[in-house]
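A quick write-up on the structure given underneath.
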Amino acid sequence: MNPDASTIAAGAPIEVDLSPVAEGQDIKVFWRGKPIYISHRTKKQIEEARAVNVASLPDPQSDEARVKPGHEQWLVVIGICTHLGCIPIAHEGNYDGFFCPCHGSQYDSSGRIRQGPAPANLPVPPYQFVSDTKIQIG
Amino acid sequence: MSGPSDYQPSNPALQWIERRLPIIGLVHSSFVVYPTPRNLNYWWTFGAILSFMLGMQILTGVVLAMHYTPHADLAFKSVELIVRDVNFGWLLRNMHACGASMFFFAVYVHMLRGLYYGSYKEPREVLWILGVIIYLLMMATGFMGYVLPWGQMSFWGATVITNLFSAIPYVGESIVTLLWGGYSVGNPTLNRFFSLHYLLPFLIAGVVVLHVWALHVAGQNNPDGVEPKTEKDTVPFTPHATIKDGFGVACFLLLYAWFIFYMPNYLGDADNYIPANPGVTPPHIVPEWYYLPFYAILRSIPNKLAGVIGMFSAIIILCFLPWLDAAKTRSSKYRPLAKQFFWIFVAVCILLGYLGAQPPEGIYVIAGRVLTFCYFAYFLIVLPLLSRIETPRPVPNSISEAILAKSSKAVASVAVALVAAGALFLGNMQDARASEGNDKPPGNKWSFAGPFGKYDRGALQRGLKVYKEVCSSCHGLSFIAFRNLAEAGGPGYSVAQAAAFASDYKIKDGPNDAGDMFERPGRPADYFPSPFPNEQAARAANGGAAPPDLSLITKARSYGRGFPWFIFDFFTQYQEQGPDYVAAVLQGFEEKVPEGVTIPEGSYYNKYFPGHAIKMPKPLSDGQVTYDDGSPTTVAQYSKDVTTFLMWAAEPHMEARKRLGFQVFVFLIIFAFLMYFTKKKVWADSH
């Protein structure tokens, strides 16, 4: 009952062009049927994400570990709440990040869980920068 | 089913069969001469009601499956086509959807009856555990059935429930992938859920056979909890129990028919009339009402894994009930303390159900935790403790002795409590929609409201004109074909008028012999063409907000009625939240934005729209559409007409539904009376 060959094939890596995404904006692309949020973070958002005491977080992880070096402005996360799989809304909540409307989980501008029932941070999908303005997800 | 039968049929052909397969003797010994306690009350008829409901669900389900398409792109539409085009498809679907709720309602009564009268105690432990297994199978079946229409609640319910398994350490994620057959809930998931939804009812039927077998070995429990000793304590199953069960089923059918014909969407969620969209989560995901208490337990535990364990243990704990409650006295009738705690437990379950439908915030979370504790405390603390400290009242020596000393005052109060509780419980769904502090749409007098409601033909025709001249430039009506305009219960056009109406439209057809697409005039069989080729185009042309298709809009929108209105709605048959909301939004545009509300660029202020910022500009203004019949050309009149038209578009067979409903009610009431008097006659000598 595991995924069949065509489903696996359709889940192959995809390339996303980042050049049209302005600072402070974010786009949502679908990969393997999952929404992937790609946020072009502002200076303020990056600073907020880095100013947090990592040890105090429910799921401790530094912002540096969640983005690619040299591309700190880009946050790429799977937009599926780690609680029960709803889709959080970007640019909402108290932490300049994501807010899940189902059970009220709040994520910060690094996609880390800060408040609510979700147990873990929004996962970062496997991706790499093909060029400065293009990433490959998968 | 209690051993070899000595039954001998008199007909030689039946004798021939009986010697080779003693099936007639089996039926005879199990359902004819089988001794049933004389003192059973009407709570015992729920076993028969449940068998009836199982048969009903399988029967309607098999026919529905003949018309349903289990594909992510087609499922939603195929369900709509069942309702609109299949002969009596609306009836089949309502019977099946409301039937699921009625099935659960009956099973809860049946379980609580077992709990109250101690039907799980020695020697009926296996019987009880088989019942819990049936209940678990029912929950799985009900959940997967709810996914099949592939609306928003189907999709997100499936996502939330399958994600429960991801809480299992190490293997959780792999289990979820296995359930999905992909990387998220999608077409493979729908396909396997359809397959399993078709399979599980037959497994249930199999376990029901075991359940009945175990019942007939151990014998039925009874309200006094003493085993039958002499022949005087029992009566033969047929005709006594048969006719009593028949009367019980007839009464139950009255409730069932009330939902089927008058309140088909009362227990459903308006969001499920919106096709599934993996990119948009509904603001408030709630399961069907029958899962709400367990959903409340899940949410009240702050840790994810613990929450999932808590939810499943809430059901599994029932299996251990025979050993948790060690009291020798079976029936709570003779246990003064257990009786009180039982009713507290019932109240806890109902309140948990209420909380399960509320948004998880503030006081609801705390109340949820307290009640979750109470739920488990009943099984783990109260019942074990009571069996040690409680002094039961003396139990009668035999059933016949109990009947002689019968007092019937309790029954009435119990019935009243249960009806009130049931109404509260059933109504939860209506309350589930979180209203965001917006104004409640004002009620309207609709010609289609109430048990004899009919569409106003004039309003339908005017509404069609408003839709065609105003709404159709942005909104589709994709489930309506031109032929529908000439159908009974609709706007009342003739077939020729509908054909002429259709020919005004240009319909894309093809490819032709040269391989090109071409345009031709519409035919009655064509559907209303949509203004945009796809959702993205609609979104791009309208500032990011796609205008929704209007075919189902009056059923896909609703607003919170709140406690206690949703209880009254059940009795008054108020079903017009959708039309009230649509009419209110059409008239709710205001130039002046009240203080404290900020409306983003490109949005408009609307008093009744959730959040008040709507992307649609004020669509109607006075005098915009000309009416031929002299009706006032005002926004209020336009709104009323177009809403009536859209209500018909969403529910084209409503008039047939209500008409048949009345006939069914007349029949059922007469039938129930006949059953009652027959039952009285049959039991005349036994009391």
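Some points to look at:
- Counted by neighbouring Cβ atoms within 10 Å, the residues B:291, B:120 run from fewest to most as B:291, B:120.
- In a fully extended conformation the segment linking residue B:504 and residue B:175 would gain 113.0 nm over its present Cα-Cα distance, using 0.36 nm per residue.
- About its Cα centre, the dipole of the protein assembly as shown is roughly 2460 debye, where the only charges are +1 on Lys and Arg Cβ and -1 on Asp and Glu Cβ.
- Percent of alpha-carbon pairs separated by more than 48 Å within the protein assembly as shown: 29
- The charge dipole of chain A, taken about the Cα centre with unit charges on the Cβ atoms of Lys, Arg (+1) and Asp, Glu (-1), comes to about 160 debye, rounded to the nearest 20.
- Scanning residues 5 or more positions from residue A:31 or on other chains, those with amide H under 5 Å from its amide H are A:36, with H placed 1.01 Å from N in the peptide plane.
- Shielding score for B:173-179, defined as the mean number of other chain Cβ atoms within 10 Å: 1
- Out-of-range pairs (alpha-carbon distance over 31 Å; input B:77/B:506; A:28/B:640; B:615/B:658): A:28/B:640; B:615/B:658
- Once the Cβ-Cβ distance of residue B:23 and residue B:685 is raised to the sixth power relative to R0 = 22 Å, the FRET efficiency obtained is 0.10.
- Proximal lysines relative to residue B:232, as straight alpha-carbon distance under 17 Å, when same-chain residues fewer than 8 apart are discounted: B:406
- Ordering of A:75-85, B:295-305, B:535-545 by packing [mean C-beta count within 10 Å, highest first]: A:75-85, B:295-305, B:535-545
- Near residue B:479, the amide H atoms lying under 5 Å from its own belong to B:551; only residues 5 or more places off or on other chains count, and H is placed 1.01 Å from N.
- Charged-residue dipole, Cβ positions (Lys, Arg, Asp, Glu), chain B about Cα centre, Debye nearest 20: 1900
- Once C-alpha pairs closer than 8 Å and six or more residues apart are averaged by separation and normalised to the residue number of region B:74-153, the relative contact order reads 37 percent.
- Counting Cβ atoms of other protein chains within 10 Å of each Cβ in B:278-285 and taking the mean gives 5.
- According to the Cα-based calculation, Rg over Rh for region B:294-394 is 1.03, with Rh computed by the Kirkwood formula.
- Highest mean first, the peptides B:377-384, A:123-130 sorted by other C-beta atoms within 10 Å per residue fall in the order B:377-384, A:123-130.
- Cα-only radius of gyration and Dmax that characterise region B:458-567, units Å: 17.2, 65
- Calculated [222 nm] ellipticity per residue, helices only, for chain A: -3000 deg cm²/dmol; basis is -39500 (n - 2.57) per DSSP H run with n ≥ 4, divided by all residues, nearest 500.
- Average beta-carbon neighbours from other chains, 10 Å sphere, peptide B:18-31: 0
- Charge dipole (region B:488-604, unit charges on Cβ, about Cα centre) - positive-most of B:564, B:507, B:550: B:564
- Counting only residues at least eight positions apart within a chain, or on another chain, the aspartates and glutamates with an alpha carbon under 17 Å from that of residue B:607 are B:436, B:439, B:580, B:590, B:591, B:595.
- Along the axis of the charge dipole computed for the protein assembly as shown (Cβ charges of +1 for Lys and Arg, -1 for Asp and Glu, origin at the Cα centre), the listed residues B:379, B:349, B:301 are led at the positive end by B:379.
- Mean projected area in nm² (Cα convex hull; one quarter of hull surface) for chain B: 37.7
- Cut-off 15 Å between beta-carbons: net charge of the residues surrounding residue B:26, Lys and Arg +1, Asp and Glu -1: 0
- For chain B, hydrophobic long helices are taken as DSSP H runs at least 27 Å long by C-alpha position along their axis with mean Kyte-Doolittle hydropathy of -0.5 or more; these are B:46-67, B:89-116, B:125-147, B:187-218, B:336-356, B:654-683.
- Long-range amide H partners of residue A:89 with built H, under 5 Å: A:99, A:100
- Remark: B:554, B:36 ranked as B:36, B:554, counting other beta-carbon atoms within 10 Å and listing the fewest first.
- Projecting the Cα positions of B:670, B:650, B:625 onto the charge dipole of region B:585-687 (unit charges on Cβ atoms of Lys, Arg, Asp and Glu, taken about the Cα centre) puts B:670 furthest along the positive direction.
None of the figures in this text is laboratory data; all of them are computed from the coordinates on show. Everything quoted here is computed from the prediction, not taken from an experiment. Here Cβ is always computed from backbone atoms with ideal geometry, including for glycine, and neighbour counts include all displayed protein chains.
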